[in-house]
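Novice: Below are the structure tokens for one structure; questions will follow.
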Amino acid sequence: MKSSSLSKLLVAVLAVSFALLFTAACASTNATTAGEAPAKMKEISGRAPITGGLQRDGIEVVQDDFVVVAILDLGPGEVALVDAGNAQDAGPILSALARRGLGPEAVKAILLTHGDGDHIRGVPRFPNAEVMALEADLALVEGRAVKVPSRPAKPTGIAVTRALRDGEIVELGSVRIEVFAVPGHTPGSAAFLTNGVLFLGDSAGASVDGELLPGDPKHTVDQPLNRASLRNLAARLAPRASEIDLLVPSHTSALDRGLTPLLDLAARPEE
Ligand SMILES: [Zn+2]
């Protein structure tokens with residue numbers, strides 16, 4: 001046998017062996033997956049990217065790179081913000097205000113969903129604003145505490161001027177904003193409900209399938225608590241489901257199927 005024929009034979013034998021091994025591996029993987037996956041558990045794929053520029057009933061959602069900020073109309077020349085974004089110069093918020101002929105002084109209040117840096121960096125650009133956050137996140141907002149214990153605390157230069165409590169209603173002009181504590185992503189994570197829109201901060205996100213997912217596990221301090229808080233929020237809001245049109249997480253697209261995605265998440269078994 002010539003050496004070229006021999007090597008062809010060897011290649012053929014190897015190819016057949018690999019094909020057999022591959023088939024066996026696939027079969028065993030399928031068997032394991034089928035055996036382990038609970039039949040009623042729904043597969044939900046990745047997170048849906050932010051769609052900025054959303055506007056409805058006096059609420060504008062502004063995209064600041066990978067996070068959103070909301071501008072709430074309070075009346076002529078006055079607005080409030082939900083979060084203040086990641087940009088130190090608050091560029092995207094200032095541009096959105098400029099399109100309305102407003103400057104930074106128009107911002108009368110900033111309601112923080114929590115104290116992570118990417119939600120608070122723009123705060124100092126709005127010196128007229130009352131700064132509000134849930135009591136349990138004050139130290140994080142002000143930089144007296146850290147989320148990751150291995151890092152040192154560093155003052156942020158931001159002072160919270162009004163500590164919020166669960167269940168409280170903040171009235172700004174004619175706008176009412178209800179405050180819900182949803183601890184888990186951070187100890188003082190909040191959800192805010194105003195005019196049919198529920199802001200969820202980092203406590204939840206939308207999937208590309210239009211479902212609601214719990215907060216990103218990589219950045220969540222206490223995942224079981226986050227999940228329990230979402231179930232609790234769903235139970236509190238269920239009797240008022242008809243009031244809610246839109247869910248707005250901070251790092252994904254919004255969901256316009258009312259409270260349903262939150263109710264579905266609460267009913268799903270934990271992954
Ligand atoms: Zn965030």
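The values are calculated or read from the model by the stated rules, or taken from the named source; none is laboratory data. Computed from a prediction, not measured in an experiment: that's the story for all the values here. Ideal geometry is used to build each Cβ from the backbone, glycine not excepted, and the neighbour counts take in all protein chains shown.
Novice: Would you pick out the residues in segment 213-253 that are touching an Asp or Glu at 6+ places or on another chain (Cβ under 7 Å) and of a type in the set (A, V, I, L, M, F, W, C)?
Specialist: Leu246
Novice: Among the residues of segment 176-212, write down those that are charged (D, E, K, R) and surrounded by fewer than 24 Cβ atoms within 10 Å (Cβ to Cβ).
Specialist: Here is the first cut: in segment 176-212, the residues charged (D, E, K, R) are 176, 178, 202, 209, 211.
Result: Arg176, Glu178, Asp209, Glu211.
Novice: Anything in segment 213-233 that is away from the ligand (no atom under 14 Å from the Cβ), of a type in the set (S, T, N, Q) and buried (at least 22 other Cβ atoms within 10 Å of the Cβ)? List them, or say none.
Specialist: Ser229
Novice: Mind listing just one residue for me: the one in segment 200-212 that is assigned to a strand (DSSP E or B) and within 9 Å of the chain's Cα centre (by Cα) and, of those, farthest from the ligand (Cβ to nearest atom)?
Specialist: Going through the qualifying residues, I end up with Ala206.
Novice: Whether any residue in segment 180-190 is at positive phi, within 16 Å of the ligand (Cβ to nearest atom) and part of a loop (DSSP other than H, G, I, E, B) is what I want to check.
Specialist: Yes, segment 180-190 contains at least one residue that is at positive phi, within 16 Å of the ligand (Cβ to nearest atom) and part of a loop (DSSP other than H, G, I, E, B).
Novice: Being within 15 Å of the ligand (Cβ to nearest atom) and surrounded by fewer than 24 Cβ atoms within 10 Å (Cβ to Cβ) is the filter here, so list the residues in segment 78-91 that pass it.
Specialist: The answer is Asn86, Ala87.
Novice: May I pose another question? Inside segment 93-116, can you point out the residues that are part of a loop (DSSP other than H, G, I, E, B) and either crowded, with 24+ Cβ neighbours inside 10 Å or within 16 Å of the ligand (Cβ to nearest atom) (or both)?
Specialist: Leu112, Thr113, His114, Gly115, Asp116
Novice: What are the residues in segment 213-267 that are at pLDDT below 95 and closer than 19 Å to Ser45 by Cβ, if any?
Specialist: Gly215, Asp216, Pro217, Lys218
Novice: Of these, Val170, Val146, which one is farther than 21 Å from Ala80 by Cα and surrounded by fewer than 19 Cβ atoms within 10 Å (Cβ to Cβ)?
Specialist: Val146 is the lone residue from the list that is farther than 21 Å from Ala80 by Cα and surrounded by fewer than 19 Cβ atoms within 10 Å (Cβ to Cβ).
Novice: How many of the residues making up segment 234-252 are more than 15 Å from the ligand (Cβ to nearest atom) and touching a residue at least 24 places away in the same chain (Cβ under 8 Å)? Please lay out each step first, then the result.
Specialist: Here is the first cut: in segment 234-252, the residues more than 15 Å from the ligand (Cβ to nearest atom) are 234-247.
If we keep only those that are touching a residue at least 24 places away in the same chain (Cβ under 8 Å) too, we end up with 234-238, 243-247.
Matching residues across segment 234-252 total 10.
Novice: I've got another one for you. For segment 234-246, does any single residue satisfy the condition of being buried (at least 16 other Cβ atoms within 10 Å of the Cβ) and farther than 21 Å from Ala70 by Cβ?
Specialist: yes
Novice: Could you please find all residues in segment 45-77 being of a type in the set (Asp, Glu), farther than 16 Å from Ala254 by Cβ and either touching a residue at least 60 places away in the same chain (Cβ under 8 Å) or away from the ligand (no atom under 15 Å from the Cβ) (or both)? Steps first, please.
Specialist: So in segment 45-77, the residues of a type in the set (Asp, Glu) come out as 57, 60, 64-65, 73.
The next check asks that each one be farther than 16 Å from Ala254 by Cβ; those that pass are 65, 73.
Of everything in segment 45-77, just one residue is of a type in the set (Asp, Glu), farther than 16 Å from Ala254 by Cβ and either touching a residue at least 60 places away in the same chain (Cβ under 8 Å) or away from the ligand (no atom under 15 Å from the Cβ) (or both), namely Asp73.
Novice: Restricting attention to segment 148-163, does a residue exist that is in contact with a helix residue (DSSP H, G or I) (Cβ under 7 Å, 6 or more places away or on another chain), of a type in the set (Lys, Arg) and at pLDDT below 95?
Specialist: No, that holds for no residue.
Novice: Just for segment 117-138: of the residues that are surrounded by 23 or more Cβ atoms within 10 Å (Cβ to Cβ) and assigned to a loop (DSSP other than H, G, I, E, B), which one is nearest to the ligand (Cβ to nearest atom)?
Specialist: Of everything passing the filter in segment 117-138, Gly122 is nearest to the ligand (Cβ to nearest atom).
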